[in-house]
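Engineer: Quick one: structure below, then a few questions.
The numbers here are math on the coordinates, done by the rules we state, and not lab data. Please read these numbers as outputs of a predicted model, since none were measured by experiment. Cβ placement follows ideal geometry from the backbone for every residue including glycine, while neighbour counts extend to all protein chains displayed.
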Amino acid sequence: MNNYKIFFYISMIGGKLLSEGGFGCVFNPSMNCNGSIDDATFVSKIQRKDNSARNEIEIGKILSNISEYKNHFAPVISHCNIGIGQIKDKDKEKCMLFKKKKTSKYLMMKLDYVEGMEFLQYMVKNANSVQIINNIINSFNNLLRSISLLVNRKIIHYDLKGSNILYSTKKKIPIIIDFGLSINMNNIDSIDLKQVFYTYAPQYYVWPLEVHYLGLLLNVNKEPTSEELKDLAKNYVINNKGINKNFSPTFLKSYEKACLDQLKIYNQMRFNERVKYLMNFWDTWDNYALSIIYLRFLKYLALEGFYENSFIKFMGKLLLQNIHPNPNKRLSLIDTTHTFNGFLYKEQINVESTFEELTDEFIKNKENINKNLKKHNNNDLRDTKTMKLEKRKRIKTIAI
């Protein structure tokens with residue numbers, strides 16, 4: 001089984017191994033703490049005890065207290081220690097984690113079962129239906145609400161991308177999963193920032209420019225050189241899946257210059273001032289990641305003439321605003337929501353005519369899109385595993 005297969009993706013009945021990921025295995029129905037079969041409406045995620053699992057549990061305590069959480073998140077709702085010998089599921093031998101890790105003790109976490117598929121896969125699969133425009137509108141509003149719920153509780157998901165959002169085919173809404181890398185800003189003053197910005201990875205497109213700059217400061221050089229700033233701006237743009245290959249070389253060159261200019265502004269500040277200043281923009285980081293997701297999807301949807309269709313043109317500009325190199329120029333969640341829905345109301349978008357303008361080119365290229373999307377999803381899941389490993393290594397180093 002693919003080690004990067006997404007959690008909760010395929011429904012199986014009778015205590016089967018549901019999926020296997022880089023950090024553990026997921027079983028449905030869920031299991032009790034004694035290893036017996038429990039409930040088909042839940043899953044049991046079994047993995048090694050590490051900072052990612054502990055973090056997911058702590059974030060789960062906060063999110064599961066939100067009255068509407070089931071319409072937005074699939075957090076950990078309970079957990080316990082469990083040994084291999086306790087697991088009654090006959091499929092346990094298929095879980096590679098139990099063969100690789102030299103211990104009999106693991107952590108078992110219980111989550112709601114989400115029946116559906118990875119978000120972008122669902123959107124692409126249904127893009128040759130008139131329903132696609134409604135899907136874009138409704139899912140975008142729902143995810144803005146999801147991020148608002150996180151921000152209101154001072155939580156950053158910090159790894160928001162297509163593979164960490166499932167589309168519930170039952171509820172017809174997107175559900176955010178995997179809070180292993182999430183940041184609780186309520187505790188930020190008591191955390192070593194090297195545990196938050198634990199790596200310098202300008203290739204990780206989920207994070208905005210200032211996060212990569214903080215990673216550079218805390219992991220490479222407290223006083224970055226001009227060449228280091230140039231390299232950061234260049235690598236950030238080259239690896240940015242929201243804009244790279246979506247826009248002209250002229251635009252990308254201009255965007256890279258804007259990134260470099262912004263980095264130079266930060267470099268003029270004193271070290272502590274820089275860090276404090278940039279941390280003020282934490283509430284834009286998940287909206288930034290959401291904008292990257294939709295920029296990628298709009299590229300799939302409007303392969304030719306990204307700015308020809310009025311709806312795509314407007315949404316593209318809105319999303320670009322929210323990935324602006326200068327975080328001061330990004331819209332707040334409230335302003336994003338009002339701007340988006342204000343346009344829909346003002347223009348009175350005709351769903352059928354908008355769909356007809358987009359669909360022909362999409363259908364013609366759908367096979368190639370699906371192939372690229374599958375490759376991107378596998379890369380995304382691999383990258384999440386890499387980030388969790390990097391964080392674990394950094395925390396061990398700090399402890400020493």
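Engineer: Each residue of segment 62-69 in turn: what ³J(HN,Hα) in whole Hz from Karplus with 6.51, -1.76, 1.60 and θ = phi - 60°, glycine and Pro shown as x?
Structural biologist: Values, residue by residue: 6, 5, 6, 8, 7, 4, 9, 4 Hz.
Engineer: Within segment 108-226, count lysine pairs with alpha carbon atoms under 22 angstrom apart where the residues are 8 or more positions apart or belong to different chains.
Structural biologist: Close lysine pairs under the 22 Å cut-off: 11.
Engineer: Which whole-number value in Å³ per residue fits the convex hull of the alpha carbons of segment 23-97? Working shown, then result.
Structural biologist: Numbers: hull volume 7.2 nm³, N = 75.
Convex hull volume per residue, Cα atoms: 96 Å³.
Engineer: OK, next. Compare the peptides 220-232, 258-270 by average per-residue count of other Cβ atoms within 10 angstrom and give them in order, highest first.
Structural biologist: Going from most to least packed, we get 258-270, 220-232.
Engineer: Can you order the peptides 210-218, 317-325, 283-291 by their average number of other Cβ atoms within 10 Å per residue, highest first? Please report the intermediate quantities before stating the final value.
Structural biologist: On the way: 210-218: 22.3, 317-325: 19.8, 283-291: 23.9.
Peptide ranking by packing, descending: 283-291, 210-218, 317-325.
Engineer: Sticking with this one: Using a 7 Å offset from the Cα along the Cα-to-Cβ direction at both ARG48 and ASN221, what is the distance between the two label points in nm, to one decimal?
Structural biologist: Distance between label points: 3.4 nm.
Engineer: Next question. Please go through segment 125-199 and write out the trypsin sites (Lys or Arg not before Pro) that DSSP classes as loop and that have at most 10 other C-beta atoms within 10 Å. Mind showing how you got there, number by number?
Structural biologist: Working: sites: LYS125, ARG145, ARG153, LYS154, LYS161, LYS170, LYS171, LYS172, LYS194; in loops: ARG153, LYS154, LYS161, LYS170, LYS171, LYS172.
Counting only loop positions with at most 10 other Cβ atoms within 10 Å, the trypsin sites (Lys or Arg not before Pro) in segment 125-199 are LYS170.
Engineer: Here's something else I'd like to know. Let me know the shape class of segment 107-199, please: from the alpha-carbon gyration tensor, a ≥ b ≥ c as square roots of the eigenvalues, rounded when a/c is under 1.5, otherwise prolate if a/b is greater than b/c, or oblate.
Structural biologist: Working: a/c = 2.45, a/b = 2.01, b/c = 1.22.
Here segment 107-199 falls in the prolate category.
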